[in-house]
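The values are calculated or read from the model by the stated rules, or taken from the named source; none is laboratory data. Being a predicted model, the structure only gives us computed values, none of them experimental. Positions of Cβ are generated from backbone atoms using ideal geometry, with glycine treated the same way; all protein chains shown enter the neighbour counts. Ligands, DNA and RNA are excluded from the accessible area calculation, which covers all protein heavy atoms including side chains. Shrake-Rupley method; radii C 1.70, N 1.55, O 1.52, S 1.80 Å.
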Amino acid sequence: MTLGSRPRWWTELPLIAVVYLAYAGGRLLGQGDVTTAVNHGLGILRFERRFNIDFESPLNDLFTRHAWIGIPADFVYASLHYAATPAVLVWLWKRGRNADYRFARTWLLITTMIGLIGFVVVPTCPPRLLEAGQGFVDTMAQYSSYGWWGGDASAPRGMGGLTNQYAAMPSLHVGWALWCGIALWWQGRSVWSKIIAVVYPLVITLVVMGTANHYFLDAAAGAAAVGAGALLTRPALRLAGAVRERFA
């Protein structure tokens, strides 16, 4: 298969599956020490409060007081992260030029790998798991009777042990959503695609903070991971091309 040919779906699906398994496995490997994770979370919160950028606090109050906001936000947090990203990836595969698809796909993979490194190196306790005195309410637990999740983030009831609740820095919910938004703006041709490109990452950013699953700095770090992934994508593609030629 030449570099300019369209990637075959039967080669792309296993690649995406491997990356998703690495994502899930990396989250579990990065569980780390609970005390360390709590200290990291408190350190982030103290920094934010010092500079008045703890936007998650008023948002969480809003989501907690108003169920008509909090319940839909919980559904968004628990589902769109895993549905919208592969949907945009498939859309790019069918719609975009081959070179554009390869760039976008590799960009997403590198961004995910950067996120996994963050989970392992900086295990972070999310706001919802801090002691009650910090003022946060876990909306996923508060509204759990309305959804399929239990008290362990967005994991289905009884499967909390299969997720790492301290994989918060950076926020890949925000990172993947920003990647989706850029891809839609870049390749979309309709007004609606442009609107969704702007609204979707903004909504996800508000949701991850309002549900007390992430700090503002987690969201900012997720955006930074996307930026770093973009910078590393072309060198990675050149390296992959060189390796392919070497062993062809």
Accessible surface of Glu131 in the full protein assembly, 1.4 angstrom probe, to the nearest 10 Å²?
-> 130 Å²
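Taking R0 as 25 Å, what's the FRET efficiency between Arg238 and Ser79 from their Cβ-Cβ distance, rounded to 0.05?
On the way: r = 36 Å, r/R0 = 1.46.
Once rounded, the FRET efficiency stands at 0.10.
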Rounded to whole Å and sorted largest first, list the principal axis extents of the Cα atoms in region 12-247.
-> 58, 41, 39
How much length is gained if the chain between Ser193 and Arg65 is pulled fully straight, taking 0.36 nm per residue apart and subtracting their Cα-Cα distance, in nm to one decimal?
-> 42.8 nm
Specify which residue in the list Ala73, Gly181, Leu42 is farthest towards the positive end of the charge dipole of region 12-247, using unit charges on the beta carbon of Lys, Arg (+1) and Asp, Glu (-1), about the Cα centre.
-> Gly181
Magnitude of the Cβ-charge dipole (Lys and Arg +1, Asp and Glu -1) of region 12-247 about the Cα centre, nearest 20 debye, reported as 1020 debye
Measuring from label point to label point, each 7 Å out along Cα→Cβ, what is the Gln134 to Arg97 span in nm?
-> 4.7 nm
